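The values are calculated or read from the model by the stated rules, or taken from the named source; none is laboratory data. As the structure is a computational prediction, the values presented were derived from the model and not from experiment. As a convention, Cβ positions derive from the backbone with ideal geometry for all residues, glycine included, and neighbour counts pool all protein chains shown. Quick note on the areas: whole protein, heavy atoms, side chains included, nothing else; ligands and nucleic acids left out. Shrake-Rupley method; radii C 1.70, N 1.55, O 1.52, S 1.80 Å.
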Amino acid sequence: MKKIALFLMAVTFIACNKNDDGQTPLNTLVDIRFQHSFDEQLVDNTTFNAIQYNNAFGSELSLTKLRYLITNVTFTNQDGIATKVRDYQLVDVTQNTGMFISGTSLPPGTYTLKMRFGFAEPENNSGIYPDLNAASWSVPDMLGGGYHYMQLEGRFIDAGNETSIYAYHTISAVQNPGPDNIREDTSIEIDLGTINIENTTTTIKVNMNISEWFKNPNVWNLNTLNGMLMGNYAAQILMQENGQNVFSLESVRSVQ
Amino acid sequence: MQKFTFLVCLLFLTLCCTNDDSSEGYAPTPASISIPGVFLQLLPAPEIPANNPLTEEGIALGRQLFFEKKLSANNTLACAGCHKPNEGFSDQRRYSIGIDGIAGFRNSMPIVNFAWNTKNKFNWDGSANSLEQQALEPVINEIEMHNTWPNVVETLQTDANYPIAFGEAFGTTTISKERVAKALAQFIRTLVSGDSKFDKYVLGEATLTPLEAEGLAVFLDEDRGDCFHCHGSPTNPLWTDNDFHNNGLDEDFLDLGLGDITGDPAQFGLFKSPSLRNLAFTAPYMHDGRFATLDEVINHYSEGLVFSQTIDPLMKTVAQGGVQLTVEEKAALKAFMLSLSDPTLATNPAYQNPN
Ligand SMILES: [Cu+2]
């Protein structure tokens with residue numbers, strides 16, 4: 001008993017010492033928020049379901065589901081020291097979950113902020129992330145295995161003026177679907193540039209412009225490319241090209 | 001500072017000692033769910049609400065209540081009357097019959113593996129937000145057990161054994177509807193199904209027949225069944241996404257499903273994706289039990305899909321009426337789906353009537 005008491009005393013003492021010395025610089029709390037837009041229009045799950053957006057091809061469309069995977073969220077300071085704040089996070093706009101990365105604490109300073117859309121090849125192995133398995137985020141092995149990058153779904157007015165459906169799913173592009181498929185890493189690096197973190201709580205907003213998926217450089221024709229895109233290698237490459245400018249730094253705000 | 005530390009330590013020690021010596025503050029025995037190998041390998045740990053932890057006594061009480069006909073107004077119907085262990089904890093009648101001989105309008109649902117249902121939406125229409133909340137409803141439902149909670153509480157309170165059992169489970173012999181629901185929820189969380197032939201295959205303890213293997217390929221293949229987005233895959237052994245969809249059954253809805261609860265027209269005709277586990281025991285199928293056999297279900301997806309405004313965007317072949325499977329593909333798909341059935345559910349001694 002005495003020993004335990006001594007041990008507790010020691011622990012408390014050490015803890016107090018650290019608090020008192022005041023040498024380590026105070027860290028700043030940093031939040032990353034994911035926000036979504038269709039060009040200028042802000043998108044969230046309350047704006048889902050209504051056919052109200054126009055893509056570059058000229059199709060009117062709605063969103064019924066949007067979720068995607070962000071990985072390797074990393075701040076790098078000017079000495080090149082990297083702090084990875086998330087290995088991966090499923091941003092689920094439909095359920096309004098995973099929309100923040102909070103709880104990061106960093107010394108004030110200048111950083112570059114990078115993340116990745118989807119798992120890069122070495123991390124994209126089937127079945128290894130229990131939460132993503134339970135979220136039905138997996139890609140069947142015959143389609144290359146691993147995990148989805150994005151599920152974007154909705155309705156559009158087709159060439160015959162009828163309401164039609166689309167499911168724009170991005171994955172690691174795969175050739176020769178089946179037991180002998182060949183997979184190609186089509187995840188996308190997101191470089192959000194340089195960010196100054198001052199000594200007050202900072203919120204970084206990252207925007208996904210959904211319109212970009214249908215626009216740049218490949219104008220997307222939903223009449224021909226609306227489903228069965230996972231096993232469509234050429235479509236996955238077009239999607240990866242269009243994904244290059246989907247994400248941008250919206251704002252960095254310090255709360256006084 | 002040192003003085004303070006010393007005081008904290010003293011306080012801590014005092015607390016420890018007091019705890020050791022005292023006999024008051026009864027606590028039931030903590031219990032846990034036995035987790036199947038496939039779940040251990042692939043799924044997160046089960047989620048148990050902090051305000052209703054699993055205990056041996058709570059589970060035992062919940063089991064008693066689950067099989068207790070006194071929960072119904074005329075002592076004839078227990079939960080188990082419509083959720084039968086040997087029918088995948090579901091009911092093979094298209095519509096279960098309540099105590100007044102009146103049939104409901106939806107097919108009963110299998111109630112297994114809910115400790116992994118982190119979406120916490122229950123019933124075909126998502127009307128309940130927790131198992132604790134769900135358990136309150138059938139007792140007073142007019143076409144189910146048609147009782148009142150004051151009446152149930154009084155019946156149980158005047159019973160010779162229940163007050164003791166509640167005392168053991170919750171530290172108080174005072175019975176309330178909330179405690180009844182908590183005990184039922186605890187028992188239901190222990191209902192786990194993870195020992196099908198396919199589970200053994202995933203663990204490397206069984207091999208699929210060529211037909212079953214081909215059926216799995218049809219199930220996963222985007223160009224053929226494409227079932228996995230909503231119904232799980234070898235890496236999601238729940239075999240459901242626990243989400244709500246319109247899978248193309250009707251052009252006009254008699255039953256609005258999720259939309260009836262939310263009032264949102266975009267959700268009219270959406271129903272919860274059922275787990276494909278234990279289909280061998282849970283016929284008939286769909287929210288209204290309209291399909292008596294799996295062949296009918298497969299035909300629906302193959303050539304029976306109909307369009308409506310809320311059709312799920314994943315039902316991509318709706319314009320062609322379905323995924324157009326060959327006779328061989330249909331047989332394979334059926335064989336595969338049946339390999340997800342777990343015969344141990346019906347025989348697990350922990351799940352049988354204790355009364
Ligand atoms: Cu997909």
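Which of the residues spanning region B:228-261 are within 22 Å of B:LEU203 (Cα to Cα) and open to solvent by 20 Å² or more (accessible area, probe 1.4 Å)?
If the condition is that a residue be within 22 Å of B:LEU203 (Cα to Cα) and open to solvent by 20 Å² or more (accessible area, probe 1.4 Å), then B:HIS231, B:PRO234, B:THR235 are the ones that fit.
What single numbered condition from (1) farther than 28 Å from B:GLU47 by Cβ; (2) under 21 Å from the mean Cα position of the chain (by Cα) fails to hold for A:VAL139?
Of the numbered conditions (1) farther than 28 Å from B:GLU47 by Cβ; (2) under 21 Å from the mean Cα position of the chain (by Cα), the odd one out for A:VAL139 is (1).
Give me a count of the residues in region A:85-125 that are at the interface with another protein chain (Cβ under 10 Å from one of its Cβ atoms) and in contact with a helix residue (DSSP H, G or I) (Cβ under 6 Å, 6 or more places away or on another chain).
Matching residues across region A:85-125 total 1.
Select from region A:127-179 the residues that are of a type in the set (Asp, Glu) and over 13 Å from A:LEU61 (Cα atoms) and write down the one among them that is farthest from the ligand (Cβ to nearest atom).
Restricting to residues being of a type in the set (Asp, Glu) and over 13 Å from A:LEU61 (Cα atoms), the top hit is A:ASP131.
Take A:LYS84 and decide whether it is within 19 Å of A:LEU225 (Cβ to Cβ), open to solvent by 20 Å² or more (accessible area, probe 1.4 Å) and touching a strand residue (DSSP E or B) at 6+ places or on another chain (Cβ under 6 Å).
No; evaluated as a whole, the condition is false for this residue.
For the subset of region B:304-338 comprising residues that are closer than 29 Å to B:GLY257 by Cα and away from chain A (no Cβ under 14 Å), which member is surrounded by the most Cβ atoms within 10 Å (Cβ to Cβ)?
Going through the qualifying residues, I end up with B:LEU333.
Within region A:78-132, can you find the residues that are polar (S, T, N, Q) and touching a residue at least 60 places away in the same chain (Cβ under 8 Å)?
A:SER102, A:THR104, A:SER105, A:THR110, A:THR112, A:ASN124
Looking at this structure, is A:LEU192 modelled with pLDDT of 95 or more and either open to solvent by 30 Å² or more (accessible area, probe 1.4 Å) or more than 15 Å from the ligand (Cβ to nearest atom) (or both)?
Answer is yes for this residue.
What's the total number of residues in region B:293-331 that are of a type in the set (A, V, I, L, M, F, W, C) and free of Cβ contacts under 8 Å to residues at least 12 places away in the same chain?
Final tally of qualifying residues: 1.
Can you tell which of B:PHE187, B:PHE219 is open to solvent by less than 10 Å² (accessible area, probe 1.4 Å) and under 24 Å from B:ASN120 (Cβ atoms)?
B:PHE187
Within region A:211-237, which residues are away from the ligand (no atom under 16 Å from the Cβ) and either within 12 Å of chain B (Cβ to nearest Cβ) or not β-branched (Val, Ile, Thr) (or both)?
A:SER211, A:GLU212, A:PHE214, A:LYS215, A:ASN216, A:PRO217, A:ASN218, A:TRP220, A:ASN221, A:LEU222, A:ASN223, A:ALA234
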